[in-house]
Amino acid sequence: MLLHAHARKGILRRPFALLAAVPLAAAALVTTPAAATAATTVSDLPFEVDSSNQAGWWNPVDSADGTTYVAFDAPGPTAATHEVHVAAQSADGSWQAGCLHDASGTCATFADDNGHNQPSIAVDGAGDIHVFTSMHNEAWHYFRSTEAGDVGSLVDASAAMPDQGAGITYPVTTSSPDGDVYALVRVGRDDRGARTGGLYRYDVEEGTWSLETVVGDARGSAFYPDDLEVDDRGRVHILFEWSQFPASPSRHLGSYAVYDPSTGAFQDAAGATLEAPLTPDSGGAVVYQPLIEGEDADSYAPALQSAKMSIHANALDGIVYRFREAGTGASDGYVVKYATWQGGSWSLESLIDGAELDGAETVAALGATRAGGTSRVYAVVQTNSCVTGSLSSVVVGERRPGSGSWSFGLVGEPASNPQRLGAVTDERGTDHVYITTPAEGRLQVADLPRHGLLDGSTAADLVASLRGTDDRENVALGSDVTVSSQNRDDTGGALAVDGSCIDASRWISAPDDADPTLTAEWGEDREVDTVRIRSGYTGGDGAASVLRSATVELRTADGWTQVGALEGNTDAAWETSFDAVSADAVRILITDPSSSAVDVARIYEVEALAAG
């Protein structure tokens, strides 16, 4: 019997074929003092991922019979392309990988498209691997292994899918206790102004796919799949959201329903039968996150984006999701919330809220698991601190039996570039967390057992620890600033000495200012031995946006004195230390603002640190 995230029933497993094994050592989990974590391992996979390996809706990890499977975008043969690879880790820790093969037998190549052209994976009861990938309102891209568990035998099986020619997006996958595989996708019905939700089923005994049911369909609306789970009774739990047709990064009406394949009926969280297909107006206990004041089907904010759920004892355990009441960009302002059904109504609680974030952001990457009475959620928090710089951190929250509170900790080391994740629980209750840092080509898998993991730290403790503290006095903080230019009214020089290192708090020079300057005066002589400069843009083009070349001077009794210089700099954080001098001002004379297409200086903070 093939053991899965569910206990598999009645399906015999075919022989398991392995490619050449690559042994890996597991590194201890790196934690912060305020959020200690224990009994966890994080393994770096010996495979490079492509920069496009990032999504919020995907299911890139599965676990079956002691083997962890991961799917990822790998670098393609040409720029802006990728291949899709699948790797498997056996119980002994060894890894093997293979690519998806096209009809000619070579590795299939796809165009990069962040947030759309990424893989979801599921392993059926016979051990065959199913992969859906790289579909943005286009024909099926579906691959299946020809040998059970063999990541080197994945071939194109797109022709086996129903609804040929339909525009498919966002494949969310799972397997059932009887060994079947389900895929929930958005289906383009653009000819009638709708993008619907289709649930497809693979019958493992027959070896065929069919359209099981249409979950959601409404003219003028677009259906967004979030998550899919099958309980021990064979009922399919479905998580989704809506936007106005044809598409939007801001979605609404976070929704949950249960579908019973044996009757073809849908029910809401209260058990009431629903008319199918579902629509934004289905009502009842379908919508866990209703519209709030100022929100409608087309609002940019308030809005919902990304959700995952966990199931326990054939019922919903909880839903983790991102929601914002305000925001100006496609992804800013989202906090992490948690929804549970309390018998008669939905209960919503904030897990990582705006006060705790205080300028930090969350990323469209979530996970939810439940085993042994313990619920867990996973999220990614992006902090930008004048002390620790820009950090992307995978966060785990855990609520134990009988406890009404959550404890939080870190999974793996914070990265300087954004991370994404996926999570699955094996038959032992151990979570396998897929962590990717695509800008660094990195993929990791963290194994988190169910017991003794966290020490009671709050989300506020964790975020504060990520920001760090510096006991040294910054004499430039709040000083009077003069700059040669500024790009807009909201990018003035005072933002470079306000103690904040978030993107909304930067001095940005004007594009026509080839040699920008900044002078900060604090009004009295102070002993200074270090100057720090933080520059760049977390949402931009990495090293290209940082300050490249400049001279740093302090004003002493003898006039302006050079204490440091940047030349061809590529780091967001730069500092120079020297013998203490008495000074009342610092000046930055810039000769090369950046190497980005918009060649401006982007300075978060200039700090002059008191000696001693």
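The values are calculated or read from the model by the stated rules, or taken from the named source; none is laboratory data. Just so we're clear, the structure is a prediction, and the values are computed from it rather than from any experiment. Don't worry about glycine lacking a Cβ; one is built from the backbone with ideal geometry, like all the others, and counts go over all protein chains shown. The accessibility values were calculated without ligands, DNA or RNA, using every heavy atom of the protein model including side chains. Shrake-Rupley method; radii C 1.70, N 1.55, O 1.52, S 1.80 Å.
Taking a Cβ cut-off of under 14 Å around Trp574, the surrounding Lys, Arg, Asp and Glu residues balance to a net charge of -2, with basic ones at +1 and acidic ones at -1. Rounded, prolate or oblate: which fits segment 217-360, taking a ≥ b ≥ c as square roots of the Cα gyration tensor eigenvalues, rounded meaning a/c under 1.5, else prolate when a/b beats b/c? Cα axes put segment 217-360 in the oblate bin.
Dimensions of segment 47-202 from C-alpha coordinates, computed as largest minus smallest value along each principal axis and given longest first, are 52, 42, 30 Å.
Measuring how big segment 156-241 is from its alpha-carbon positions, Rg and Dmax come out at 12.9, 39 Å.
Skipping prolines and chain starts, which residues have an amide H placed within reach, meaning under 5 Å, of the one on Ala64, given they are 5 or more residues away or on another chain? Here the answer is Tyr69, since their amide H atoms fall under 5 Å of that of Ala64. Summing charges over all other residues whose Cβ lies under 14 Å from the Cβ of Thr519, with Lys and Arg as +1 and Asp and Glu as -1, gives -3. A 1.4 Å probe run over the protein chains yields, for the chain, 36 Å² of accessible area per residue, whole-number rounding. Ligands, DNA and RNA left out, the 1.4 Å accessible surface of segment 495-612 is 44% carbon and sulfur atoms. Would you mind classifying segment 137-291 by shape? Square roots of the alpha carbon gyration tensor eigenvalues, ordered a ≥ b ≥ c; an a/c under 1.5 is rounded, otherwise it is prolate if a/b is larger than b/c and oblate if not. It comes out oblate by the Cα gyration axes.
Computed over neighbours whose Cβ is under 10 Å from that of Pro246, the net charge equals 0, Lys and Arg +1, Asp and Glu -1. Summed over qualifying helices (DSSP H, 4 residues or more, each -39500 (n - 2.57)) and divided by its residue number, the chain shows a 222 nm mean residue ellipticity of -500 deg cm²/dmol.
Of the trypsin sites (Lys or Arg not before Pro) in segment 231-273, the ones in a loop by DSSP (not H, G, I, E or B) with at most 16 other beta carbons within 10 Å are Arg233.
As a fraction of the 1.4 Å probe accessible area of segment 396-478, surface on carbon and sulfur atoms comes out at 45 percent.
Mean sequence separation of contacting Cα pairs (under 8 Å, at least six apart), scaled by the length of the chain, corresponds to a relative contact order of 11 percent.
The orientation-averaged shadow of the Cα convex hull for segment 432-496, equal to a quarter of the hull surface, comes to 9.1 nm².
Global size of segment 361-482: 16.9, 62 Å for Rg and Dmax (C-alpha atoms, Rg to one decimal, Dmax whole).
Only Cα pairs under 8 Å and 6+ residues apart enter the sum, and on that basis the relative contact order of segment 71-180 stands at 23 percent. Segment 257-278 and segment 179-233 have Cα centres separated by 14 Å.
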